[in-house]
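Visitor: This is the structure I have questions about; it appears just below.
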Amino acid sequence: MNDMLDTQPRDLAVSLFGQGKSSAEIWSALVSSGVAPAVAEAHVNSLLLAVSRLDQGKSAAEIWSALVASGAAPAAAETLVRDLVEVRRMQRAKQREEEEHKGSGFCKRCHDESTPLSPGNISTVNGTGTTFYGEDRGCSECGSVVRVHWVVFCSLPLIPLGTYRYRDLYGEGASSKFLARRTQANSVQIALHYTVSLVVLFVFVAVVMTIRSSTP
Ligand SMILES: [Zn+2]
């Protein structure tokens, strides 16, 4: 009976399995796609047999033997095993990714829009060094904001080093702890910081000129 298995229903069954569908759901999907109920059942049975062996830690060769012993065509069994191993590998990778996001301290959305690049040490001496400025696109889920990492001189932003998803953990000043992940730069945010910097410089120069011109 399993010799009747052809590629299309098997691919559909494997892909539905990869999406976490139950065997009953896979069977229904196959039948509604035009596969005869008995053939659909054979596909589901092969799939269940292969998955159970895979979860027992059996090797691909052992799973293949079990499938062939149950009546599957050798070539069809080989493809099924190969595809299933691939599906499992992708499921594991996805799981690892989820775990990595949990460990990152950011919510899934903020984690996914950023990369694990960190800005390293942040420190300024008398307002000169590197620091973060700005608070943009605040996230209500994890509380992070988008900030720009700047080289500063007398607290004025000079060179943007990168844009980060940023979360304060605790503390102020030198003892503060934060989490940061590199994200896409926002040119408007950078332009705003430059503008503030220029306005402050302009006011400073204007004040100095006024003082000078009023001194006899
Ligand atoms: Zn978030």
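Visitor: Could you check, for region 146-161, whether at least one of its residues is within 13 Å of the ligand (Cβ to nearest atom) and either in contact (Cβ under 8 Å) with a residue 24 or more places away in the chain or assigned by TED's automatic domain parsing to the domain that holds L198 (or both)?
Guide: Checked region 146-161: at least one residue is within 13 Å of the ligand (Cβ to nearest atom) and either in contact (Cβ under 8 Å) with a residue 24 or more places away in the chain or assigned by TED's automatic domain parsing to the domain that holds L198 (or both).
Visitor: Right, another one. Quickly run through region 162-172 and pick out the residues that are more than 22 Å from V200 (Cβ to Cβ) and either away from the ligand (no atom under 16 Å from the Cβ) or modelled with pLDDT of 90 or more (or both).
Guide: Matches in region 162-172: G162, Y164, R165, Y166, R167, Y170, G171, E172.
Visitor: Moving to a separate point now. Give V145, V151, V188 a once-over and let me know the one that is within 18 Å of C110 (Cα to Cα) and β-branched (V, I, T).
Guide: On the way: V151 fails: within 18 Å of C110 (Cα to Cα); V188 fails: within 18 Å of C110 (Cα to Cα).
Criteria check complete, one pass: V145.
Visitor: Can I ask one more? Answer yes or no as to whether R147 is among the charged types (D, E, K, R), surrounded by 14 or more Cβ atoms within 10 Å (Cβ to Cβ), within 30 Å of H193 (Cα to Cα) and under 17 Å from the mean Cα position of the chain (by Cα).
Guide: no
Visitor: For the subset of region 103-121 comprising residues that are without any contact (Cβ under 8 Å) to a residue 40 or more places away in the chain, more than 11 Å from R167 (Cβ to Cβ) and in a loop (DSSP other than H, G, I, E, B), which member is nearest to the chain's Cα centre (by Cα)?
Guide: Across region 103-121, the extreme among qualifying residues is G120.
Visitor: Being under 16 Å from G20 (Cβ atoms) and touching a residue at least 24 places away in the same chain (Cβ under 8 Å) is the filter; apply it to region 65-102 and report the residue that is surrounded by the fewest Cβ atoms within 10 Å (Cβ to Cβ). Write out each step before concluding.
Guide: We begin by selecting, within region 65-102, every residue under 16 Å from G20 (Cβ atoms); these are 83-84, 86-95, 97-98.
Retained after the next criterion (residues that are touching a residue at least 24 places away in the same chain (Cβ under 8 Å)): 83-84, 87-88, 90-91.
Values: D83: 19, L84: 22, V87: 17, R88: 15, M90: 11, Q91: 13.
Selected residue: M90.
Visitor: Could you say which residue among A36, A61, A50 is closer than 17 Å to V85 by Cα and surrounded by fewer than 20 Cβ atoms within 10 Å (Cβ to Cβ)?
Guide: A61
Visitor: Filtering region 116-136 down to residues that are of a type in the set (S, T, N, Q) and loosely packed, with under 12 Cβ neighbours inside 10 Å, which residue is farthest from the ligand (Cβ to nearest atom)?
Guide: N126
The values are calculated or read from the model by the stated rules, or taken from the named source; none is laboratory data. All values reported here derive from a predicted model rather than from experimental measurement. Counting neighbours? That spans all protein chains shown, and the Cβs are built from the backbone with ideal geometry, glycine included.
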